[in-house]
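Notes follow the structure.
Nothing in this text is a laboratory measurement; each read-out follows from the coordinates by a stated rule. From a predicted model like this one, the values you see are computed outputs, not experimental measurements. As a convention, Cβ positions derive from the backbone with ideal geometry for all residues, glycine included, and neighbour counts pool all protein chains shown.
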Amino acid sequence: MAQVIDRQIVDYLPLLGKEEKKTILDFIKSHIKIKDKPERISIEQYNKELEAAEARIDAGEFYTQEEIENMIK
């Protein structure tokens, strides 16, 4: 029975608009209890991660919006 429901969800999903999909996603998320929530990190760790990300950007290790769109195609 679950397989039938899963198939129906997959079949109907493309027929929905963006806002309808968002509403359904919010509904699903509200009914799922996440058991393995990630631990919170300290502000120091957060800042280190930001600095590392900024260093990668400075080194040119990033994709532009246009590059991402081309990858998706």
Cleavage-rule hits, GluC sites (Glu not before Pro), the stretch 8-51, DSSP coil, Cβ neighbours within 10 Å at most 16
Glu39
Where in the chain is the longest stretch that carries no chymotrypsin sites (Phe, Trp or Tyr not before Pro) classed as loop by DSSP and with at most 11 other Cβ atoms within 10 Å?
1-61
Order these by the 10 Å Cβ neighbour count, fewest first: Leu15, Leu25.
Leu15, Leu25
Positive-end residue, the chain charge dipole about Cα centroid, Cβ charges, pick of Gln8, Thr64, Ile41:
Gln8
Quick one: Karplus J couplings for the stretch 39-51, per residue in order, coefficients 6.51, -1.76, 1.60, θ = phi - 60°, nearest Hz, x for Gly and Pro?
6, 6, 9, 6, 5, 5, 5, 4, 5, 4, 5, 5, 4
With runs of 4+ DSSP H residues as the only contributors, calculate the mean residue ellipticity of the chain at 222 nm using -39,500 (n - 2.57) per run, divided by the residue total and rounded to the nearest 500.
-21000 deg cm²/dmol
